[in-house]
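Notes for the one structure printed next.
The values are calculated or read from the model by the stated rules, or taken from the named source; none is laboratory data. Please read all numbers here as calculations on a predicted model, not as lab measurements. No Cβ is skipped: glycine too gets one built from the backbone with ideal geometry, and neighbour counts run over all protein chains shown.
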Amino acid sequence: MKQNYSIDEFIRQTKQDESENDYFELETPRMLEVNLNGDVWAKMGSMISYNGSIRFEREGILEHGIGKMFKKAFSGEGASLMKADGNGKLYLADQGKKITILHLNNEAITVNGNDLLAFEPGIDWDIKLMKKVAGMMSGGLFNIRLEGRGLVAITSHYEPLTLLVTPDQPVMTDPNATVAWSGHLQPEFKTDVTLKSFFGRGSGESIQMKFSGEGFVIVQPFEEVYYSQSNQ
């Protein structure tokens with residue numbers, strides 16, 4: 001593999017692709033291009049570059065109603081969103097994580113709050129708190145349920161794997177490695193004392209998410225550690 005380039009060669013290899021102009025495009029596997037003509041919701045702090053006339057606003061505390069305000073206060077800063085409004089090209093990324101674009105067609109998906117990068121403003125969303133694990137893991141867990149028609153961009157560390165859930169084949173996952181799942185699935189949480197003792201640690205493998213029914217779960221080959229607002 002070539003290790004050095006002239007300046008002209010490097011520009012040709014890495015310059016932005018102007019040949020397509022879809023609303024969401026993967027400029028690289030870890031960089032999302034939003035061809036903006038209106039507005040989009042994105043994870044706070046995910047903007048890395050833009051051109052054109054784009055204005056950024058932090059999500060208003062009452063932007064989505066009083067109920068979501070209280071949920072956001074509980075879940076901390078991890079779910080904070082920003083609105084980008086205007087015309088131009090907007091580039092988003094999150095810690096070099098791989099980006100996947102999903103098109104919802106009157107469907108629902110639940111995404112780990114830390115793994116949601118961007119979504120079209122017409123999609124309905126709500127924060128779902130995992131209260132049962134709030135005292136079991138650092139900062140607990142919160143997720144965002146998205147439903148309707150439109151594009152959603154999610155992130156994962158390395159390549160994601162989708163596991164199918166069937167009535168006779170439930171799926172167990174590590175919460176720290178779970179990215180998203182079918183919107184209608186309701187995970188149960190269980191603590192495995194044997195695994196906790198075996199691995200010698202108080203989180204991770206000792207807590208499992210159990211998915212039963214019909215649907216899918218997306219996992220990543222990485223255990224992400226979440227922090228509450230008070231730990232930041």
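So that you can scan it fast, the table gives a plain yes or no per residue for (1) modelled with pLDDT under 90; (2) surrounded by 16 or more Cβ atoms within 10 Å (Cβ to Cβ); (3) assigned to a loop (DSSP other than H, G, I, E, B):
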site	(1), (2), (3)
MET1	yes, no, yes
ASN4	yes, no, yes
ASP8	yes, no, no
ASP17	yes, no, yes
ASN21	yes, no, yes
LEU26	no, yes, no
Please enumerate the residues belonging to segment 73-97 that are surrounded by 14 or more Cβ atoms within 10 Å (Cβ to Cβ) and modelled with pLDDT under 50.
-> PHE74, SER75, GLY76, GLY78
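Would you mind stating whether LEU129 is of a type outside the set (Phe, Trp, Tyr), closer than 23 Å to GLU223 by Cβ, in a strand (DSSP E or B) and modelled with pLDDT of 95 or more?
Details: of a type outside the set (Phe, Trp, Tyr): yes; closer than 23 Å to GLU223 by Cβ: yes; in a strand (DSSP E or B): yes; modelled with pLDDT of 95 or more: no.
For LEU129, the condition - of a type outside the set (Phe, Trp, Tyr), closer than 23 Å to GLU223 by Cβ, in a strand (DSSP E or B) and modelled with pLDDT of 95 or more - is not met.
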Number of positions in segment 144-175 that are without any contact (Cβ under 8 Å) to a residue 60 or more places away in the chain and more than 18 Å from PHE222 (Cα to Cα) = 14
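Mind checking which residues of segment 146-158 are over 14 Å from HIS103 (Cα atoms) and surrounded by 17 or more Cβ atoms within 10 Å (Cβ to Cβ)?
As a first pass, look at segment 146-158 and keep what is over 14 Å from HIS103 (Cα atoms): 155-158.
Correct list: THR155, SER156, HIS157.
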